[in-house]
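One structure is given below, encoded as structure tokens.
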Amino acid sequence: MYFGSVKFFKHLIYTVFFLIIGAIVLVALWFGLGYFNLLPDFIPPPAIVLKWQEKALEKDIPTEPEVPLAEIMEELHAQGYTADSVLDAALIDDPEAVRDFVVSYIKSEPDTAKLLIDAGIEDMEIFTPDGGEISITAPEEPPAVDELIDPEESAPAYQKLYPDLYADPPTEFVIDTGAAYLTFDDGPTEHTESILYILEDYGVKATFFFSGGESEEAKRIMKRAADEGHTIGIHSLSHNYTEVYSSVESFLEDFNNTYQNVYEATGVKPQIFRFPGGSVNNYNRFVYKEIIAEMTRRGFVYYDWNVSGSDAVDGATWTTIYNNVRDGAKAHVNDRAIILLHDSKSRTVTVVEDVIDALRDMGYHFEALTHDIMPITFAYVS
């Protein structure tokens, strides 16, 4: 019986031995032909092209392939190899072949000159068959953006006005839930001190957006408010809405005049302000965005309100002011209330104590605004 016999195993060993020897010979023949580029109609991938080219150069063996290098490169590119791998292989061969390839490549894809430069083909003049000339040179580095745009020339002229009119911007805003912020506009007046006495009696700190004043009495009152720990903000010295909001420059002029007046009286450099009439009104609708941007750039923070006593309205009484504040505060009892009042009205003085009592009964605690309190601002209008 042949299967399983000694003769069978002897033939099996011979067969396996010759198969191994044959495989080794075939592999050696394959790579040998590839080494000397003798494989007919064979387009090796870039890695193999690179391999045999490097060895040929090392041994000083002629490297001219049967197929022109330009055709090989174009074929490789058509097969989907990347431009970088194609160029790496191309650069191993002679310059003439590289020129031929580069010319054809640029003609087919003119936007790839940078890839060629990145691959190492720089400052090369390539002569086309028709005598034309293509020059590949490394492009100059594009100028930086800050070299193209001079901030001094592109910035609005009003940014150069009042170079000392800046505040320290907040690093972050905080929200104090349950806080009530009493704010008084338009002072100082003959009524401001009466309000200061009430606030002192109740241990309440408030915020005064002063319009300033030239008289010694006005300066004394503003200083007292600052010395007693109330926050001092800027309002408007002129209160002429049409003039103040005629331009950014006009607003800055009025703001600076008020700021300097208040600073001289109090020694405090205010960091917050309130727009006359609020940040969005019929007088500033065409300029408020630009003003807000400039004041924010300078570090100032502005505050509108979400509760108003409407005490400056003609016909306002104790009852209307009280009801307006009480009802408005109820709507924000789970949030916070920035309350607009005016220390320029005698009727406001009469209601301050009752407003404080009502808000405390609702659970509010009183605080003065600082520039790191999250502002309440009116919605912007397109």
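What to note about this one:
- Scan the range 306-326 for residues that are assigned to a loop (DSSP other than H, G, I, E, B) and under 45 Å from the mean Cα position of the chain (by Cα) and the total you get is 6.
- Residue match in the range 168-188 (condition: surrounded by fewer than 11 Cβ atoms within 10 Å (Cβ to Cβ) and of a type in the set (Gly, Ala, Ser)): no
- Residue in the range 341-362 that is touching a residue at least 12 places away in the same chain (Cβ under 8 Å), within 14 Å of Thr177 (Cα to Cα) and surrounded by 14 or more Cβ atoms within 10 Å (Cβ to Cβ) present: yes
- A count restricted to the range 222-233 and to residues that are of a type outside the set (Asp, Glu) and in a loop (DSSP other than H, G, I, E, B) stands at 2.
- Flag: Thr207 matches the condition of being of a type in the set (Ser, Thr, Tyr) and touching a residue at least 60 places away in the same chain (Cβ under 8 Å).
- Selection of helices (runs of 4 or more DSSP H) fully inside the range 119-221 by the criterion of at least 2 residues being more than 27 Å from Val333 (Cα to Cα), within 39 Å of the chain's Cα centre (by Cα) and modelled with pLDDT of 60 or more returns 151-154.
- Sole exception among (1) within 16 Å of Val349 (Cα to Cα); (2) hydrophobic (A, V, I, L, M, F, W, C); (3) touching a residue at least 12 places away in the same chain (Cβ under 8 Å) for Val313, by number: (3)
- Pairs where the first residue, in the range 164-180, is at positive phi and the second is in a loop (DSSP other than H, G, I, E, B) and surrounded by 10 or more Cβ atoms within 10 Å (Cβ to Cβ), C-beta under 7 Å, 6+ apart: Gly178/Arg336; Gly178/Gly363; Gly178/Tyr364
The values are calculated or read from the model by the stated rules, or taken from the named source; none is laboratory data. What you are looking at is a predicted structure, and each value in this text was computed from that prediction instead of being measured. Backbone-built Cβ (ideal geometry, glycine too); neighbour counts: all protein chains shown.
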